[in-house]
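The values are calculated or read from the model by the stated rules, or taken from the named source; none is laboratory data. Everything numeric in this text was worked out from a predicted model, so none of it was measured. When we count neighbours, we look across all protein chains shown, and the Cβ atoms used for this are built from the backbone with ideal geometry, even at glycine.
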Amino acid sequence: MTGKKSAPAKPKSTNSSSSRTPSSRNPKSNLRQNATKTSENPVSGEELRGQQAILDIFSNTFREVLEKEDFSLQLQKLKTALFNRDFEGAFAHEAALDVYAARWSPTRALCYGKVLRGLNSHLESLMSDVAARQGGDEYKTGHAPTRGNQDESTIENETRNAESEASVAQQKNNEGEKIQYLKVLAIGGAAAEIVAFADYISSANANANAKSIRGEITLLDIGPWGTIVERLQAALTTTPPISRYVSAAAKEVNKALVPASSLSSTFLQKDILFLSQGDLTKLISNPDHSPVLISLLFTLNELYTTGGIKRTTSFLRLLSAIVPPGTLLLVVDSPGSYSETTVGKEAKRYPMQWLLDHTLLPPPSRPRQKPGGDQGREEDRREQKPNNDSVKWESIESHDSIWFRVVEGLRYPIPLENMRYQMHLYRASVD
């Protein structure tokens, strides 16, 4: 079952600049800080303004939700459903998704954006010149999010205003601007992911030298996130509301986080574990077979626990069989015991990272024993050789535990919490 959103791991502490505190307090935490890394260097004024802009996008988009009198009650119901792992009940209605997005997605978007910016050197390797690609379709932007279980043609990206966007892009390219293209498949992706990727594109373009980066983001989740993704796409690419009484200078700098021509998004409500090889290939393929970024952000452990190890392992092997060389796989999830899967009658616990490495990495790089020295059953020790046509994955960055801390002074209508996560980045290569 793909991308079933769970509540973030219980936080260690709370950073809030809220002017309104809901009755549902932040739960106490039993997380330990030892053996962890902090992601926080001193935050520049530019980064602080960027983070506040992200929070403003969430607060403006979900203002009505946050200001409802029963918000705390709805939040508590959602927390209870998530605690009981009743994902279908928790996300059966879009109103519950609104509450989830308003409550937990802002911090995750800030965190994911910081992760992506930290991986900029790796992400740059994925970008290819639009001018070198076939046909010019890569100029199309502003995809309408896809809703529900529509026919298979919905997996292919649809666009609006394609001709005018292509004309603008071609004109800029003719004038010497180097246009680069980044394709992303966010598995289990929804509100936090689209905002984080927009934040990365905005930051990359601000620091780019004579080039323009454009991103096409496909978000896939089992929940009905289409309307929320559509609203956030609009909020990210249009000028935010501003008081008529602010200064002319403030109006001058009040711009969309990214121009509409720089961000294209498509949402698909599907279960990644039940997609055929053909359908998954359509999501990943490019006209020139260039590499892509595939993200599993707080999703992989849910796939293991709800979809099962066997089915999730099959999905990962399928990825290995179809992704272009150079593709990056980014996994972010809860650290430590929060990302363990219980298997078999003996209820043996497998850490998510061990399962992932066991599937992706070649035998010499893979641990021969399960953590704790327990070699496990014979089928757990059996080498699992990839198909001849599969890529070989290499681990290029890995962190067991990192803190993301919300900067003091950021404003949001409800408290925002720090979060801890593990992060692993893999690159697909061929022999």
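Summary table
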| quantity | calculated |
| --- | --- |
| Extreme residue, modelled with the lowest pLDDT, among residues of the range 413-431 that are over 13 Å from Arg108 (Cβ atoms) and not in a strand (DSSP E or B) | Asp431 |
| Matching option when the condition is buried (at least 19 other Cβ atoms within 10 Å of the Cβ), among the small types (Gly, Ala, Ser) and over 16 Å from the mean Cα position of the chain (by Cα), among Ala235, Ala248 | Ala235 |
| Any chance Ala95 is part of a helix (DSSP H, G or I) and either modelled with pLDDT of 90 or more or in contact with a His (Cβ under 9 Å, 6 or more places away or on another chain) (or both) | no |
| Those residues of the range 227-248 which are in contact (Cβ under 8 Å) with a residue 40 or more places away in the chain and either in contact with a strand residue (DSSP E or B) (Cβ under 8 Å, 6 or more places away or on another chain) or assigned to a helix (DSSP H, G or I) (or both), in sequence order | Thr227, Ile228, Val229, Glu230, Arg231, Leu232, Gln233, Ala235, Leu236, Thr237 |
| Residue within the range 253-270 that is touching a Phe, Trp or Tyr at 6+ places or on another chain (Cβ under 8 Å) and closer than 30 Å to Tyr304 by Cβ present | yes |
| When residues of the range 79-101 are limited to those that are crowded, with 17+ Cβ neighbours inside 10 Å and of a type in the set (Phe, Trp, Tyr), the one nearest to the chain's Cα centre (by Cα) | Tyr100 |
| In the range 323-342, the residues that are farther than 30 Å from Asn418 by Cβ and surrounded by fewer than 19 Cβ atoms within 10 Å (Cβ to Cβ) | Pro324, Pro325, Gly326 |
| Any hit, the range 245-257, residues being over 21 Å from Leu303 (Cα atoms), of a type outside the set (S, T, N, Q) and in contact with a Leu (Cβ under 6 Å, 6 or more places away or on another chain) | yes |
| Residue under evaluation Thr266, criteria (1) touching a helix residue (DSSP H, G or I) at 6+ places or on another chain (Cβ under 7 Å); (2) in contact (Cβ under 8 Å) with a residue 24 or more places away in the chain, criterion not met | (1) |
| Tally, over the range 273-303, of residues that are outside any strand (DSSP E or B), β-branched (Val, Ile, Thr) and touching a strand residue (DSSP E or B) at 6+ places or on another chain (Cβ under 8 Å) | 3 |
| Pair list, Cβ < 6 Å and 6+ apart or interchain, from the range 95-111 residues that are closer than 25 Å to Ile201 by Cα and touching a residue at least 24 places away in the same chain (Cβ under 8 Å) to residues that are among the small types (Gly, Ala, Ser) and surrounded by fewer than 24 Cβ atoms within 10 Å (Cβ to Cβ) | none |
| Long-range neighbours under 6 Å by Cβ, at least six apart or interchain, first residue among the charged types (D, E, K, R) and surrounded by fewer than 20 Cβ atoms within 10 Å (Cβ to Cβ) within the range 353-365, second modelled with pLDDT under 95 and outside any helix (DSSP H, G or I) | Asp357/Arg366 |
| Members of the range 13-70 that are of a type in the set (A, V, I, L, M, F, W, C) and either at pLDDT 50 or above or under 20 Å from the mean Cα position of the chain (by Cα) (or both) | Val43, Leu48, Ala53, Ile54, Leu55, Ile57, Phe58, Phe62, Val65, Leu66 |
| Some residue of the range 341-352 being over 16 Å from Lys392 (Cα atoms), in a helix (DSSP H, G or I) and at pLDDT 95 or above | no |
